[in-house]
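Reviewing the structure listed below.
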Amino acid sequence: MLSIKGIEKSYTIGETASPILNKIDLHVEKGEFIAIMGPSGSGKSTFLNMLGGLDTPDGGDITVDGKAIHRLTETQRTLFRRDHVGFIFQNYQLLPNLTVAENVAFPMHAARKDKKEIKEQVHDLLKSVSLEGKEKNYPSQLSGGQQQRVAIARALSMNPNLILADEPTGNLDRRTGTEVLRLLSSLHRQNQLTIIMVTHDVYAASYADRIISLKDGVIESDIRQTEGAHHDGMASLLAKPNS
Ligand SMILES: Nc1ncnc2c1ncn2[C@@H]1O[C@H](COP(=O)(O)OP(=O)(O)OP(=O)(O)O)[C@@H](O)[C@H]1O
Ligand SMILES: [Mg+2]
C-alpha cells in the first residue's frame with residue numbers, strides 16, 4: 001500500500017546543508033501497524049510528514065495506494081490528505097472553539113458531505129472511541145486522553161487508508177496512553193487500518209507489529225515483532241491500570 005524509494009531530504013541553514021534523510025527505502029503492506037523510533041532530531045517527524053504529503057522530499061519516490069504523491073501539485077496533495085490520510089498529533093490539534101462533535105465533523109463538512117450522514121457518522125465515531133455523551137463539550141473540558149480520542153475519531157472520519165500518528169501518547173500518562181494505544185490497536189485489528197506511529201517510547205512501540213529505527217538519516221533496524229511479544233499481554237502487565 002505504501003512504497004518509498006530513495007527518499008532524500010536536507011535542510012540548509014545559512015550556507016550549510018544538513019542531510020536529514022539519506023536515501024530511505026521502505027515498503028508497507030496494507031494493515032501493518034508500524035512504530036518508527038529514533039533519537040530526537042533523527043528525522044522521524046519529517047519522514048512521517050512526507051508520507052502524508054505535508055512535506056516534500058528533495059528526491060525519491062513515495063507511492064501510496066498507487067498514487068505517486070511526490071508528483072502531486074499542492075492542491076492535489078491537499079485532496080490526497082483529506083481523502084486518504086488521518087493524522088494524529090502529540091498535542092491533539094483540536095479546534096478549541098468547536099465542540100467535540102464539531103471537531104469530528106470538521107473534515108466531513110470541509111468535504112461537503114451530506115449533513116444527515118455527517119450526524120450519523122459523528123455519533124458512530126464517538127461511540128467507537130467511547131466518548132458518547134461528550135458531543136457538546138469543548139476540548140478544554142476534556143482530559144488529555146479524551147482529547148486524543150476525539151482526535152482519533154476525527155482522523156477516522158473520512159475513512160482513511162492510512163493513519164499517521166506523531167507521538168500520540170507523548171503528552172499522556174502511562175494509563176491514559178495505554179487507553180489510546182489499545183484503541184489504535186483494536187482499530188488496526190478490526191478495520192485492517194494501516195498505522196504508522198512515531199514514538200520515543202518502547203512501551204508504545206510494543207503495540208506495533210513492526211519497529212523501524214531511524215538513525216543518522218537511514219533505517220538502522222527494521223524488526224517484526226512475533227505474535228504475543230507485542231501486547232495486550234505484556235502491555236497490560238506493564239501498565240497496571242488502576243487495579
Ligand atoms: N523547517 C526546518 N528547517 C530546518 N531544519 C529543520 C526543519 N524541520 C526540521 N529540521 C531539522 O531536521 C531534523 C529532523 O527533525 P524532525 O522534527 O524530523 O526530528 P524528530 O526525529 O521528529 O525529532 P523529535 O523526536 O525531537 O520530535 C532536526 O535536526 C531539525 O532541526
Ligand atoms: Mg518529531
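List of remarks:
- Prolate/oblate/rounded call for the stretch 110-200, Cα gyration tensor, a/c under 1.5 rounded: oblate
- Peptides 164-171, 42-49 ordered by average Cβ neighbours within 10 Å, highest first: 164-171, 42-49
- Within straight-line cross-link reach of LYS30, lysines at Cα separation under 23 Å, skipping those fewer than 8 residues along the same chain: LYS5, LYS44, LYS67
- Straight-line cross-link reach from LYS113 at under 22 Å between alpha-carbon atoms covers these lysines, not counting any fewer than eight positions away in the same chain: LYS127, LYS136.
- Anisotropy class of the chain from Cα gyration tensor, a/c 1.5 cut: oblate
- Segment THR63-GLU132, extension gain: residue separation times 0.36 nm, minus the distance between their alpha carbons: 21.2 nm
- Note on the chain: helix-only mean residue ellipticity at 222 nm, from DSSP H runs of 4+ residues weighted -39500 (n - 2.57) and normalised by residue number, equals -10500 deg cm²/dmol.
- Choice from GLY177, GLY133, GLY31 with maximal GNM fluctuation in the chain (Cα, 10 Å cutoff): GLY133
- Rounded if a/c under 1.5, otherwise prolate or oblate - the stretch 120-162, Cα gyration tensor axes: oblate
- Expressed as a whole percent, the accessible area of the chain that falls on carbon and sulfur atoms is 48 (1.4 Å probe).
- Highest-first arrangement of 186-194, 51-59, where packing means the average Cβ count within 10 Å: 51-59, 186-194
- Length added when fully stretched, HIS200-THR73, from 0.36 nm per residue minus Cα-Cα: 42.5 nm
- Average accessible surface area per residue within the stretch 1-139, 1.4 Å rolling probe, Å²: 54 Å²
- Considering only beta bridges that DSSP places wholly inside the chain, some 55 percent are antiparallel.
The values are calculated or read from the model by the stated rules, or taken from the named source; none is laboratory data. As the structure is a prediction and not an experimental result, all values here were calculated from the model. Cβ: placed from backbone, ideal geometry, glycine included. Neighbour counts: every protein chain shown. Keep in mind that these areas ignore ligands, DNA and RNA; they rest on the heavy atoms of the full protein, side chains included. Shrake-Rupley method; radii C 1.70, N 1.55, O 1.52, S 1.80 Å.
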